[in-house]
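K.L.:
Got a structure for you, written out below as structure tokens; questions coming shortly.
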Amino acid sequence: MSLTPAEQKVLDRIDEDLLVQITQDLVRAPGQNPPGEEAATVAALTAAGRQLGLDVRTSPVEPGRDNVSITLAGGNDPGLLLLGHTDVVPVGDGWTVDPYGGLLRDGRIYGRGASDMKGGLAASLVALASLRGATLSGPVELAAVVDEEETGKGIRAYIAANQHPVRQYAGCITAEPTDLQTIVAARGDSYLQVSVHGRASHAGNPDGGANAIYGAAAVVAEIERLHKELAATPHPLLGPATWSVGQINGGTGGSIVPADCVIVADRRLLPGESPADVLADLDRRVAALHLEDRGLTVELAMPMEMPAFETPEDADLIQITEAARFDAGGPPMPLAGWTAACDGGYIARDLGVPVVVLGPGSVTTQAHRADESVAVAELVTAARTYALTALRLL
């Protein structure tokens, strides 16, 4: 599709230097989570939004942790939601550049969060600014929430505030790093905690106690069996649901029969799967182990769940976004699924809004690693894509 004069006028307003500056400012603002240090990033984002003449609002989720809503007004019809998060994973080791320096080198910006996803936030903000003066049937909103990297407190607070919204959305673009590929489905995620309780005794008389680690080992073996079972029923875009035991902690010393052991497992979800059903299934499987016969008790909890989503490929949002991405200069790539999880799943499940994931940077080669970076050219293409999508959807 060729660009109309009105569309070209909007794209001409997208300033590469401004994109670079905002991305660098966001990278230079710490936002590690844990422990939840988004305040500096929120301050940088809100300052940029106000300087661009946009409507900026914040809402507290926890002390020092605010969600941000930056809006460009339009008509009274449903609008377009651009979704992102202000937290980043901890810096970690192995960096050869300053993780908070925002270094611009050879067409890339370096720093923690450059790819996941401060570049996406900057592209969304610049897209909003480029649309000022355009005729839009509904508003365009950038929602930047806290705590995406941990337990999703920010998106759940946003959903609660918009459960019966005055403002509705025709679609949502989650600006996570996808190498600029249009993602129409994404797996969800959940964390499960299994606490096994037994009875301590001297290791010289192990039968006098109830070994919680032995019980936990039986649970781990059952989870491994579950993972293998799930491999038989893959999703066509996302592959199978998966289990992975990531942590196990128990005992107080080699000479003591352990009274307690805790397992933390990751369970990736497919579209349509209920986290409650996953928890109930594990509960049934653990009950079938009859650990009470060993003098053990078990407690299960799901401290975090992030739903999966899938948007039909023929949905207006998908067709418009994909055409906009191509017309904005994006490379030819097929529609795809994403094995990572994101806050877009909440928007699809709880607000009933169609969702696509599309953003600058790479979740596979840049996110959550040392010397994280994003290409400036991808920032420009992303901003152009978001602006064109808004023009054509609204």
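K.L.:
Filter the range 312-328 down to residues that are in a helix (DSSP H, G or I) and among the hydrophobic types (A, V, I, L, M, F, W, C) and give me whichever is most open to solvent (accessible area, probe 1.4 Å).
P.N.:
326
K.L.:
A follow-up question, please. Can you tell me how many residues in the range 235-273 are part of a loop (DSSP other than H, G, I, E, B), among the hydrophobic types (A, V, I, L, M, F, W, C) and in contact (Cβ under 8 Å) with a residue 60 or more places away in the chain? Let's see the steps before the verdict.
P.N.:
Filtering the range 235-273 down to residues part of a loop (DSSP other than H, G, I, E, B) leaves 236-238, 240-241, 251-255, 257-259, 270-273.
Cutting the leftovers down to among the hydrophobic types (A, V, I, L, M, F, W, C) gives us 237-238, 241, 257, 259, 270.
Okay, now just the ones that are also in contact (Cβ under 8 Å) with a residue 60 or more places away in the chain, so 237-238, 259, 270.
Qualifying residue count for the region: 4.
K.L.:
Before we move on, is residue 58 assigned to a helix (DSSP H, G or I) and of a type in the set (Val, Ile, Thr)?
P.N.:
Values: assigned to a helix (DSSP H, G or I): no; of a type in the set (Val, Ile, Thr): yes.
In short, no.
K.L.:
With the checklist (1) of a type in the set (Phe, Trp, Tyr); (2) at pLDDT below 95; (3) surrounded by fewer than 20 Cβ atoms within 10 Å (Cβ to Cβ) in hand, flag the one item residue 338 doesn't pass.
P.N.:
Here residue 338 clears every test but (3).
K.L.:
Suppose we filter 221, 232 for residues that are part of a helix (DSSP H, G or I) and either under 22 Å from the mean Cα position of the chain (by Cα) or surrounded by fewer than 20 Cβ atoms within 10 Å (Cβ to Cβ) (or both); which single one remains? Show your work before the answer.
P.N.:
Values: 232 fails: part of a helix (DSSP H, G or I).
The conditions single out 221.
K.L.:
Can you give me the number of residues within the range 20-36 that are outside any helix (DSSP H, G or I) and either over 14 Å from residue 100 (Cα atoms) or open to solvent by 20 Å² or more (accessible area, probe 1.4 Å) (or both)?
P.N.:
Residues that pass the stated criteria total 7.
K.L.:
What strands (runs of 3 or more DSSP E) completely inside the range 75-149 contain at least 1 residues that are open to solvent by 10 Å² or more (accessible area, probe 1.4 Å)?
P.N.:
108-110
K.L.:
Between residues in the range 145-157 that are over 16 Å from residue 192 (Cα atoms) and residues that are β-branched (Val, Ile, Thr) and part of a helix (DSSP H, G or I), which pairs lie under 7 Å by C-beta distance while being six or more apart or on different chains?
P.N.:
Listed pairs, sorted by first residue: 145/155; 148/155.
K.L.:
OK, next. Could you give every pair whose Cβ atoms fall below 7 Å, whose first residue belongs to the range 286-307 and is on the phi > 0 side of the Ramachandran plot, and whose second residue is open to solvent by 40 Å² or more (accessible area, probe 1.4 Å) and part of a loop (DSSP other than H, G, I, E, B), counting only separations of at least 6 or pairs across chains?
P.N.:
none
K.L.:
Might you let me know whether the range 196-211 holds any residue that is in a strand (DSSP E or B), open to solvent by 10 Å² or more (accessible area, probe 1.4 Å), in contact with a strand residue (DSSP E or B) (Cβ under 6 Å, 6 or more places away or on another chain) and more than 30 Å from residue 145 (Cα to Cα)?
P.N.:
Among the residues of the range 196-211, at least one is in a strand (DSSP E or B), open to solvent by 10 Å² or more (accessible area, probe 1.4 Å), in contact with a strand residue (DSSP E or B) (Cβ under 6 Å, 6 or more places away or on another chain) and more than 30 Å from residue 145 (Cα to Cα), which makes the answer yes.
K.L.:
Continuing with this model, one more query. Cβ contacts < 6 Å: first residue within 22 Å of residue 327 (Cα to Cα), restricted to the range 12-34; second residue open to solvent by 20 Å² or more (accessible area, probe 1.4 Å), any location; separation 6+ or different chain. Result?
P.N.:
Short answer, once both residue conditions are applied: 14/384; 16/380.
K.L.:
Among the residues of the range 153-166, is there at least one that is touching a helix residue (DSSP H, G or I) at 6+ places or on another chain (Cβ under 7 Å), under 30 Å from residue 334 (Cβ atoms) and either crowded, with 19+ Cβ neighbours inside 10 Å or among the small types (Gly, Ala, Ser) (or both)?
P.N.:
Yes, because at least one residue in the range 153-166 is touching a helix residue (DSSP H, G or I) at 6+ places or on another chain (Cβ under 7 Å), under 30 Å from residue 334 (Cβ atoms) and either crowded, with 19+ Cβ neighbours inside 10 Å or among the small types (Gly, Ala, Ser) (or both).
K.L.:
Now for a different question. Kindly indicate whether residue 254 is under 20 Å from residue 304 (Cα atoms) and open to solvent by 40 Å² or more (accessible area, probe 1.4 Å).
P.N.:
The answer is no for residue 254.
K.L.:
Here is a check on your reading of the model: is residue 171 of a type outside the set (Asp, Glu), modelled with pLDDT under 95 and open to solvent by less than 10 Å² (accessible area, probe 1.4 Å)?
P.N.:
No.
K.L.:
Filter the range 227-268 for residues that are in contact with a Phe, Trp or Tyr (Cβ under 8 Å, 6 or more places away or on another chain) and closer than 16 Å to residue 300 by Cα and give the result.
P.N.:
264, 265, 266, 267
K.L.:
Restricting the search to the range 281-297, which residues are touching a Leu at 6+ places or on another chain (Cβ under 8 Å), more than 26 Å from residue 238 (Cβ to Cβ) and either open to solvent by 50 Å² or more (accessible area, probe 1.4 Å) or part of a loop (DSSP other than H, G, I, E, B) (or both)?
P.N.:
Listed by number, the list holds a single entry, 297.
K.L.:
Here is a check on your reading of the model: is residue 246 under 27 Å from the mean Cα position of the chain (by Cα), under 21 Å from residue 186 (Cβ atoms) and open to solvent by less than 50 Å² (accessible area, probe 1.4 Å)?
P.N.:
For residue 246, the condition - under 27 Å from the mean Cα position of the chain (by Cα), under 21 Å from residue 186 (Cβ atoms) and open to solvent by less than 50 Å² (accessible area, probe 1.4 Å) - is not met.
K.L.:
Which of the numbered conditions does residue 31 fail, given that it passes all the others? Conditions: (1) more than 18 Å from residue 390 (Cα to Cα); (2) at pLDDT 95 or above.
P.N.:
That leaves (2) as the condition not met.
K.L.:
Are any of the residues in the range 165-180 more than 26 Å from residue 48 (Cβ to Cβ), among the aliphatic types (A, V, I, L, M) and outside any loop (DSSP other than H, G, I, E, B)?
P.N.:
no
K.L.:
Is it true that some residue in the range 37-60 is acidic (Asp, Glu), surrounded by fewer than 19 Cβ atoms within 10 Å (Cβ to Cβ) and free of Cβ contacts under 8 Å to residues at least 24 places away in the same chain?
P.N.:
Yes, the conditions are met somewhere in the range 37-60.
The values are calculated or read from the model by the stated rules, or taken from the named source; none is laboratory data. Given the structure is predicted, the values throughout are model-derived calculations rather than measurements. Using ideal geometry, Cβ is built from the backbone for each residue, glycine included, and neighbour counts are taken over all protein chains shown. The area values use the complete protein model at the heavy-atom level, side chains included, leaving out ligands, DNA and RNA. Shrake-Rupley method; radii C 1.70, N 1.55, O 1.52, S 1.80 Å.
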